[in-house]
Amino acid sequence: MKFVCCWLYAIDKYGFPPSLPDTFKALNEMKELGFRYGELEGVSGDNLNLIYNSKNDIKKHINEIGIEIINFVPVIPELREFDDSKRKYGRDMFEKGLEIAVTLGTEFIQLDSFPPLMRCL
């Protein structure tokens, strides 16, 4: 059985989404709290791009402190859009999320469940 510190810890402490420096702080704190496993999120747009561009630094850091990120959550509400360009943007963000998960060696990738948009006729 694995006990995982979810990313809500970082969000509650540092806001949504946490800055990159706060992301590193939260990972350190998860380890200091005794967790061996943690979760990480990337929010569509600037935050996910920041996590994507920092994925190798994050991987190095988690290896150094001895915590495994076993679940990565790309938060991408654009995936539910009817507009083709917005949905394509969401798919592009998801591809980045997959690359982050692969780099970090996560066991899981989890999408947030957003309700479908209502289409007015």
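For region 31-76, relative contact order (Cα pairs under 8 Å, six or more residues apart, normalised by length) works out to 62 percent.
Overall shape of region 55-121 was characterised from the C-alpha gyration tensor. The equivalent ellipsoid obtained from it has semi-axes of 31, 12, 7 Å, in decreasing order. Just one of (1) 2, 12, 22, 24, 18, 10, 6, 4, 2, 1, 0; (2) 2, 11, 19, 20, 16, 11, 7, 5, 4, 3, 2, 1, 0; (3) 2, 11, 18, 18, 17, 14, 10, 6, 3, 1, 1, 0, 0 is P(r) over Cα pairs in 5 Å bins from 0, in percent as worked out from the coordinates here. Which one is it? Computed from the coordinates, P(r) over Cα pairs in 5 Å bins from 0, in percent corresponds to (1).
Here's the picture: charge each Lys and Arg Cβ at +1 and each Asp and Glu Cβ at -1 in the chain, and of Ile58, Met30, Pro77 the one pushed furthest to the positive end of that dipole is Pro77.
Overall, the chain carries a charge dipole of about 120 debye about its Cα centre when +1 sits on the Cβ of Lys and Arg and -1 on the Cβ of Asp and Glu, all other atoms neutral. Return the subset of Lys60/Lys86; Lys2/Lys59; Lys25/Lys59; Lys59/Lys88; Lys60/Lys96 for which the Cα-Cα distance in this structure is over 22 Å, preserving the input order. Check vs 22 Å cut-off fails for Lys60/Lys86; Lys59/Lys88. Seen through its C-alpha gyration tensor, with square-root eigenvalues sorted a ≥ b ≥ c, region 1-58 comes out prolate because a/c lies at 1.5 or above while a/b is bigger than b/c.
Readers should treat all values here as calculations from the given coordinates under stated rules, not as data from a laboratory. Predicted, not measured: the structure shown is a model, and the values here were computed from it. Here Cβ is always computed from backbone atoms with ideal geometry, including for glycine, and neighbour counts include all displayed protein chains.
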